Amino acid sequence: MNNTILNKPGHLQDHLLSVRDTLDILGGKWKIPILLSLSCQKKRFNEIQKDLINITPKILSKELKELEMNQIITKIDCETSPYGVEYAVTIYCKSLEKIIEGLKEWGDHHRAIIFNKGN
C-alpha cells in the first residue's frame, strides 16, 4: 500500500469525508448490483428486479431514486405502449468503473484466500 492515502499523514478528516460520501452513494447491498444490471443496457424496473434475485420492489424503488438523485442513473420515459420508464447509467456513472472493477478484483482475491485457506 505504498503511495496511497492510507499511509500519508495529515488531512485524515478530508479523506474520511470523501470516503464516507462514496460509501453513502454506493454503500449497501443493492446499489452496485443495480449498476451492474444496468451496465450494458437500459432496463425497465421489472427487468432489473429479475436480475437481482431477492430484492423487493420497495427496496429497488428506493435505491433507484437514490441513484437517480445522485446523478448515477437516469430515468427515461418510454414512447411505447404500455407506457413505462427505463433506467440507464449516466455518463457520470462511467467514473465509477475503476472503483467497481477494483471491488470485483479485491472480491475475487479475497474469495481465493478465504476458500483456499485450508488447502
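The values are calculated or read from the model by the stated rules, or taken from the named source; none is laboratory data. Because the structure is predicted, anything quoted here is derived from the model rather than measured. FYI the Cβ positions are ideal-geometry reconstructions off the backbone, even for glycines, and counts take in every protein chain you see. For the accessible areas, the whole protein counts, side chains as well, though only heavy atoms, and no ligand, DNA or RNA atoms are used. Shrake-Rupley method; radii C 1.70, N 1.55, O 1.52, S 1.80 Å.
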Amide H contacts of Arg44 (H built 1.01 Å from N, under 5 Å, at least 5 apart or other chain): Tyr87
For the chain, the longest principal axis of the Cα atoms and the Cα long axis of helix 12-26 enclose an angle in degrees, to the nearest 10, of 30 degrees
May I ask you to compute the full-extension gain from Asn70 to Val19, defined as 0.36 nm times their residue separation minus their alpha-carbon distance, rounded to one decimal in nm? 16.8 nm
Between helix 97-115 and the chain: long-axis angle, C-alpha atoms, 0 to 90°, nearest 10: 60 degrees
Loop-resident chymotrypsin sites (Phe, Trp or Tyr not before Pro) in the stretch 33-119 with no more than 13 other Cβ atoms inside 10 Å, DSSP not H/G/I/E/B, are Tyr83
Averaged per residue, the 1.4 Å probe accessible area of the stretch 20-119, protein heavy atoms only, in Å², is roughly 72 Å²
On the formula 1/(1 + (r/R0)^6), with r taken between the Cβ atoms of Asn116 and Cys78 and R0 of 35 Å, the FRET efficiency rounded to 0.05 is 0.15
Listed values (i) 2, 11, 23, 25, 21, 12, 4, 1, 0; (ii) 3, 13, 14, 13, 11, 9, 8, 7, 6, 6, 4, 3, 2, 1, 0; (iii) 2, 9, 16, 19, 17, 13, 10, 7, 4, 2, 1, 0, entry calculated as P(r) over Cα pairs in 5 Å bins from 0, in percent: (iii)
Show the residues, 5+ positions off or on another chain, whose built amide H is closer than 5 Å to the amide H of Ile73. Glu68, Thr90
Within the chain, how many Lys pairs that are eight or more residues apart, or on different chains, come under 13 Å at the alpha-carbon? 6
Of every hundred units of 1.4 Å-probe accessible area on the stretch 26-105, the number belonging to carbon and sulfur atoms, as a percent, is 57 percent
What are the ³J(HN,Hα) values, in whole Hz, obtained from phi via the Karplus relation 6.51 cos²θ - 1.76 cosθ + 1.60 with θ = phi - 60°, for each residue of the stretch 69-75 in sequence order, with x given for Gly and Pro? 4, 8, 6, 8, 10, 10, 9
